[in-house]
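K.L.:
There's a structure below that I have some questions on.
The values are calculated or read from the model by the stated rules, or taken from the named source; none is laboratory data. A quick note: this is a predicted structure, and the numbers were derived from the prediction, not measured. Please note: Cβ atoms are built from the backbone with ideal geometry, for glycine as well, and neighbour counts cover all protein chains shown. What goes into the accessible areas is simple: the full protein's heavy atoms, side chains included, and nothing from ligands, DNA or RNA. Shrake-Rupley method; radii C 1.70, N 1.55, O 1.52, S 1.80 Å.
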Amino acid sequence: MNIETATTAWAARVPREAAAAAAALRLRDDVLVAEAGDHVWFRGPALSAALELELRKIPGAERFDLGDDGSLTPHGARVPTASLPELPWQRPDAFFRVTPQPAALPGKVSTRATLRVVREPAAREREATVLVTSHSTWAQYASTAPQVRLRALRFAASADGRVLVRGTPLPPLAGRRYVEQDGVALPAGYAFSPAIDAASVRALLGTDAPSLVLFHEDGTYERIDATEFVAASRSAARTTWESSGGM
């Protein structure tokens, strides 16, 4: 009988610019992280199949078997080629810490993340599911829109005169459109660099899918808690408009 066990200690070297893609490891207690020049190192006592899969997702990651003497053998090879550098290791949840700053929207944060937001080389046609428009534009539309069009939408309002509408199909209003994936929204036609999935972004920022992280072209973001959204209706839009003082 052939039983596969995860007993081999391991290490991985990742280019610094790709380290954000490893945010999915943030909550693991069997991984340590350290910085060394242009690279970020990861290590652990055992390389399970699930952990190996996460490492494969990181662009440019080099995986090694780690010997008791600190020797590094490229994964799949038999001869050591280097030694693990002596580094100040720390837990990934401490390494991937984001320090928030106050934002314009109540209950949200805006800061520069470790990711860059760049134009997609070849923009894919993806339907926008988030719209940022003005209070007045949204209130005027909602006051006359059929309820069947509003039923699929939710919205959150800010004190600075903006309204964020979430759902599909979006109303045909002037404003900025975003493409959302699992609680993370990017401006239409933009992507993350390095490439990273929504689950990893949420792990990095400590958010859940019902909430929304809204990234802007300059790399800043706003986090809107799920409790800030209300179901779209004429009465809800009117009440929001009136409470804002008609901004």
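K.L.:
List the GluC sites (Glu not before Pro) within segment 26-87 that DSSP assigns to loop and that have no more than 11 neighbouring Cβ atoms inside 10 Å.
P.N.:
On the way: sites: Glu35, Glu52, Glu54, Glu62, Glu86; in loops: Glu86.
In loop regions of segment 26-87 (DSSP not H, G, I, E or B), the sparsely surrounded GluC sites (Glu not before Pro) are Glu86.
K.L.:
Another question, if that's okay. If each DSSP helix of 4+ residues adds -39,500 (n - 2.57) and the sum is divided by the residues in the chain, what number results at 222 nm, nearest 500 deg cm²/dmol?
P.N.:
Working: 6 runs with 44 residues, N = 247.
Rounded to the nearest 500, it is -4500 deg cm²/dmol.
K.L.:
Right, another one. With springs connecting C-alpha atoms under 10 Å apart, model the chain as a Gaussian network and identify which of Leu84, Leu115, Leu186 has the largest mean-square fluctuation.
P.N.:
Top of the fluctuation ranking is Leu84.
K.L.:
Starting from the Cα of Ala159, step 7 Å along the direction of its Cβ; do the same at Thr227; then give the gap between the two resulting points in nm.
P.N.:
1.7
K.L.:
Can you pull out the GluC sites (Glu not before Pro) in segment 112-214 that DSSP calls coil and that have at most 14 other Cβ atoms within 10 Å?
P.N.:
Glu125, Glu127
K.L.:
In addition: Taking the Cα centre of each part, how many Å lie between segment 71-90 and segment 117-193?
P.N.:
Cα centroid to Cα centroid, the span is 47 Å.
K.L.:
Follow-up question, since we're still on this one. For a paramagnetic label modelled at 7 Å from the Cα of Ala209 toward its Cβ, which residues of segment 32-76 fall within the zone defined by backbone nitrogen distances under 13 Å?
P.N.:
So the set is empty, nothing qualifies.
K.L.:
In addition: How far is helix 234-243 tilted off the main Cα axis of the chain, in degrees rounded to 10, range 0 to 90?
P.N.:
90
K.L.:
Residues of segment 130-159 with the amide nitrogen closer than 20 Å to a label point 7 Å from the Cα of Arg234, along Cα-to-Cβ, please.
P.N.:
Taking a point 7 Å out along Cα→Cβ of Arg234, the residues of segment 130-159 whose backbone N falls under 20 Å are 135-155.
K.L.:
Give me the number: length gained by fully extending Asp197 to Leu87, i.e. 0.36 nm times residue separation minus the C-alpha to C-alpha distance, one decimal in nm.
P.N.:
Length gained between Asp197 and Leu87: 36.7 nm.
K.L.:
What ³J(HN,Hα) values, in whole Hz, does the Karplus curve 6.51 cos²θ - 1.76 cosθ + 1.60 give for segment 27-39 when θ = phi - 60°, with x put for Gly and Pro?
P.N.:
3J(HN,Hα) across segment 27-39, in whole Hz: 9, 7, 9, 10, 10, 10, 10, 7, 9, 8, x, 8, 10.
K.L.:
Taking a probe of 1.4 Å, how large is the accessible area per residue of the chain, in Å²? Before the final figure, lay out each step's value.
P.N.:
Working: 12970 Å² over 247 residues.
Solvent-accessible surface per residue comes out at 53 Å².
K.L.:
Mind telling me which of Arg149, Arg78, Arg119 comes out most flexible in a GNM of the chain, alpha-carbon contacts under 10 Å?
P.N.:
Evaluated over the chain, the most mobile residue of the options is Arg78.
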